[in-house]
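What follows is a short report on a single structure.
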Amino acid sequence: MIKKIEHLGIAVNNIEASIKVFETLLGTNCYKIEEVASEFVKTAFLQIGESKIELLEATHSESPIAKFLEKKGRGIHHIAFDTTNLEEEIERLSKEGFELIHKSPKDGADGKIIAFLHPKSTDGILIELCQDKIM
Ligand code: ZN
């Protein structure tokens, strides 16, 4: 089941500068900076209530974030939905005809397992499904 919007992912050119912008905007401090080596991204998280903002900076020219910035420029990169059971959601959405970038859960940032849906099948919006990693 999809529970809520977990976070919005925003592609940025300079994560240090963007952290300052969003800290000032939201009146709260970034609580985590984390590099996801497999995706060539550096992430930073800010929390407001139940929702989070994830800032994403490319760490390599082959990073999906570098490609996104090249094509579309800065801005909202993806919407992440929290799920109660990621594997079940992957199976359900795949049966419904959605195109999955990841057909099984993989490690994401901020203690989550994740899977992305291709924007081709979701009206042009990159969708991330996530679930808390069981520690
Ligand atoms: Zn995300």
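The values are calculated or read from the model by the stated rules, or taken from the named source; none is laboratory data. Since this is a predicted model, take the numbers as computed values, not measurements. Positions of Cβ are backbone-derived with ideal geometry, glycine not excepted, and every protein chain shown enters the neighbour counts. Calculation scope for accessible area: heavy atoms of the full protein, side chains included, ligands and nucleic acids excluded. Shrake-Rupley method; radii C 1.70, N 1.55, O 1.52, S 1.80 Å.
Using only helices, what value at 222 nm comes out for the chain when you add -39,500 (n - 2.57) per DSSP H run of length 4 or more and divide by the total residues, to the nearest 500 deg cm²/dmol? Before the final figure, lay out each step's value.
Working: 3 runs with 31 residues, N = 135.
Result for the chain: -7000 deg cm²/dmol, rounded to the nearest 500.
Please give the per residue volume of the convex hull enclosing the alpha carbon atoms of the chain, rounded to a whole number of Å³.
Values: hull volume 14.7 nm³, N = 135.
Expressed per residue, the convex hull around the Cα atoms of the chain is 109 Å³.
Mean projection of the alpha-carbon convex hull of segment 1-72 over all orientations, in nm²? Write out the running numbers ahead of the final one.
Numbers: hull surface 22.4 nm².
Approximately 5.6 nm², given one-decimal rounding.
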Expressed in angstrom, Rg and Dmax over the Cα atoms of segment 40-116 are 13.9, 35
Taking a straight Cα-to-Cα line shorter than 16 Å from Lys106, and setting aside same-chain lysines fewer than 8 residues away, one finds Lys133
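Would you mind telling me the share, in percent, of accessible area of segment 32-135 contributed by carbon and sulfur at probe 1.4 angstrom? Provide the component values of the computation, followed by the final result.
Values: 2930 of 5780 Å².
Of all accessible area on segment 32-135, carbon and sulfur atoms account for 51 percent.
Enumerate the helices in the chain for which the Kyte-Doolittle hydropathy averages 0.5 or more and the C-alpha atoms extend at least 15 Å along the helix's axis, using complete DSSP H runs. Please list the in-between numbers first.
Working: long enough: 15-26 (16 Å, 1.08).
Counting only whole DSSP H runs, the qualifying helices are 15-26.
Based on the Cα coordinates of segment 71-135, what is the per residue volume of their convex hull in Å³? Please list the in-between numbers first.
Values: hull volume 5.9 nm³, N = 65.
Roughly 91 Å³ of hull volume per residue.
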The alpha-carbon center of segment 85-135 and that of segment 1-76 are separated, in whole Å, by 18
Across segment 1-97, qualifying lysine pairs (alpha carbons under 22 Å, at least 8 places apart or different chains) come out at 14
Computed for segment 14-135: size of charge dipole around the Cα centre, +1 on C-beta of each Lys and Arg, -1 on C-beta of each Asp and Glu, debye to nearest 20, value 320
Residues whose built amide H sits under 5 Å from the amide H of Val41, excluding neighbours closer than 5 in sequence, are Val36, Thr59
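What FRET efficiency comes out for the pair Ile33/Arg74, r = Cβ-Cβ distance, R0 = 22 Å, nearest 0.05?
0.75
Enter the accessible area per residue of segment 1-118 (Å², integer; probe 1.4 Å; all protein chains in place). Please report the intermediate quantities before stating the final value.
Values: 6530 Å² over 118 residues.
Here the residues of segment 1-118 average 55 Å² of exposed surface.
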